[in-house]
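The next block holds one structure in the form of structure tokens; read it before the comments.
The values are calculated or read from the model by the stated rules, or taken from the named source; none is laboratory data. Keep in mind the model is a prediction, meaning the values are calculated, not measured. Here the Cβ is made from the backbone with ideal geometry for all residues, glycine too, and neighbour counts use every protein chain on show. Ligands, DNA and RNA are stripped out before the accessible areas are found, and what is left, the full protein with its side chains, is counted by its heavy atoms. Shrake-Rupley method; radii C 1.70, N 1.55, O 1.52, S 1.80 Å.
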Amino acid sequence: MNRDDIDVRPITDDELADWARALNTGFLRSTPVSPETLEKRREEIRVSRVQGAFDAGRCVATFRSFPQELTVPGGAPVPADAISNVTVSATHRRRGLLSRMMTADLAEAKARGDVVATLIAAEYPIYGRYGFGPATSLTEWAVDVPRTGLDPRRAGPDDGGRVDLVDGEDVRKTGPELHERLRATRHGVVDRDELWWRRNTGLTATPEEPWKEPFYAVYRAANGEPEGLIVYATDDAWGDSKQPRNTATVRDLIAVTPAAERALWHYVCSVDWVTTVRTGYRAPDDLLPHLLPDPRAAGVVTQADWLWVRILDVVRALEARTYAVPGSLVIEVDDPAGLSGGRYRLDAEPGGAVCAPTSEEPELTLDVSELGTLWLGDESAVRLAALGRVREEKAGAAAVADALLRTSRRPWCPDIF
């Protein structure tokens with residue numbers, strides 16, 4: 001079949017049900033979509049930013065984007081084009097459908113003035129060809145509670161603070177402010193709108209996605225100020241001889257102070273009957289293992305790439321973030337899509353930076369995807385040079401890039417979208 005016979009375009013409102021069916025097909029989920037789920041979908045998405053590919057009137061590929069803010073080193077937010085719900089049905093692979101949808105979306109994002117595009121990649125090899133690079137990673141630990149060395153008789157924080165169990169309504173009041181405080185200080189974090197809090201406290205449940213209420217606990221400092229929130233669920237497992245073998249799985253943990261982080265991890269490791277704590281996806285340099293008397297009680301069970309970034313505006317991306325040391329670097333950015341390629345000079349100071357196109361000789365040459373990987377400070381340009389993914393035109397340029405771009409804490413995105 002000629003790929004030109006397939007119609008790739010924004011969907012109309014009355015095509016949403018067919019689009020949702022195609023989305024479920026692509027994600028290997030049950031394809032029927034209930035009226036309740038369809039109505040929730042209609043409330044949650046902007047149909048104007050939803051694309052579909054149609055073959056003989058049937059949707060066979062899906063794509064959606066939405067506005068997002070991403071925190072960069074130094075705490076500033078930049079506007080991002082967040083991409084989600086990307087599928088191509090197995091019957092229509094290798095026909096360029098994703099390329100057509102991605103090209104249209106990135107062009108619109110560039111025209112809107114978005115600094116970057118972001119996504120969570122289900123599969124690693126797909127998105128590099130569109131200029132995305134893995135910019136953050138994650139680690140998940142399984143904590144063997146009896147091995148932690150924590151005192152099982154412990155009653156709570158010993159810093160004057162307290163941990164209180166709350167309900168979903170309390171979380172919808174307390175959580176947004178805590179998250180705003182977190183994303184003002186931790187690069188890689190993205191914003192959460194009101195719908196996010198409604199969805200993650202059970203107010204948008206549907207027959208296909210029923211809700212089971214988790215446990216919520218808030219840490220308050222000695223002055224009564226909320227400084228942390230943990231959300232976790234437990235199973236009901238018992239071993240031989242009637243011994244509890246329950247696992248607590250952390251769905252979310254926001255801590256804006258080290259005291260809150262310590263108190264909430266110690267709390268969830270103190271819950272009766274819980275013998276294992278799964279931490280959920282955390283920053284690779286999370287404090288957790290070393291908040292335990294025996295850090296070896298926390299074993300790594302997952303370590304992988306997470307947030308991928310596509311630079312759309314090199315000047316604004318590099319000027320938005322801060323730099324630990326002063327320095328300058330001339331980079332040649334190769335962008336086959338023609339969205340952000342060129343030669344740029346970066347002059348950085350701890351208080352800010354100036355970036356502008358230049359005709360000077362380049363010191364470092366790299367693909368736009370590698371710039372996305374380096375931009376938030378997690379990866380090393382020296383390492384990428386050793387891998388052949390960036391090229392030094394001037395000896396020592398990769399080390400200069402590391403001195404400028406790398407950050408003391410690793411970027412972290414706690415959300416999936």
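Miscellaneous remarks
- 3J(HN,Hα) couplings calculated from phi for segment 84-98 with the Karplus curve 6.51 cos²θ - 1.76 cosθ + 1.60 (θ = phi - 60°) are, in sequence order, 8, 6, 8, 9, 9, 4, 4, 6, 10, 6, 6, 10, x, 5, 4 Hz; Gly and Pro show x.
- Placing unit charges on each Cβ (+1 for Lys and Arg, -1 for Asp and Glu) gives the chain a dipole about its Cα centre, and among 260, 317, 76 the Cα reaching farthest toward its positive end belongs to 260.
- For the pair residue 300 and residue 209 in one chain, pulling the backbone fully straight at 0.36 nm per residue adds 29.8 nm over the alpha carbon distance.
- Size of charge dipole - segment 8-153 - debye, nearest 20, with Cβ of Lys, Arg +1 and Asp, Glu -1, no other charges: 480 debye
- Accessible surface of segment 164-272, 1.4 Å probe, proportion on carbon and sulfur as whole %: 47 percent
- Segment 47-153, accessible surface, carbon-and-sulfur percent (1.4 angstrom probe): 53 percent
- Rolling a 1.4 Å probe across the protein heavy atoms gives the chain an accessible surface of 46 Å² per residue.
- Mean Cβ count within 10 Å, highest first, over the residues of peptides 353-365, 233-245: 353-365, 233-245
- Per-bin percent of Cα-Cα distances, the chain [20 Å]: 24, 52, 24, 1
- For segment 71-145 versus segment 227-300, the spacing of their alpha-carbon centroids is 30 Å.
- Cα coordinate range in segment 260-417, projected on the principal axes (Å, largest first): 65, 31, 27
- Between residue 189 and 71, 412, the built amide H atoms are under 5 Å apart, and every one of these is 5 or more places off in sequence or on another chain.
- In this simple spin-label approximation, residue 107 and residue 28 carry label points 7 Å from Cα along the Cα→Cβ vector, and these lie 3.4 nm apart.
- The charge dipole of the chain, taken about the Cα centre with unit charges on the Cβ atoms of Lys, Arg (+1) and Asp, Glu (-1), comes to about 560 debye, rounded to the nearest 20.
- Under the Karplus curve 6.51 cos²θ - 1.76 cosθ + 1.60, θ = phi - 60°, whole-Hz ³J(HN,Hα) for segment 33-39, x wherever Gly or Pro sits: 10, 6, x, 5, 5, 4, 5
- Segment 40-67-segment 358-417 distance, computed between alpha-carbon centres (Å): 34 Å
- Accessible surface of segment 300-378, 1.4 Å probe, proportion on carbon and sulfur as whole %: 50 percent
- Highest-first arrangement of 66-74, 99-107, 163-171, where packing means the average Cβ count within 10 Å: 66-74, 99-107, 163-171
- Dipole magnitude of segment 155-199 about its Cα centre (Cβ charges: Lys, Arg +1; Asp, Glu -1), debye to nearest 20: 240 debye
- Residues of segment 273-307 with amide N under 20 Å of the 7 Å Cα→Cβ point at residue 416: 277-286, 300-307
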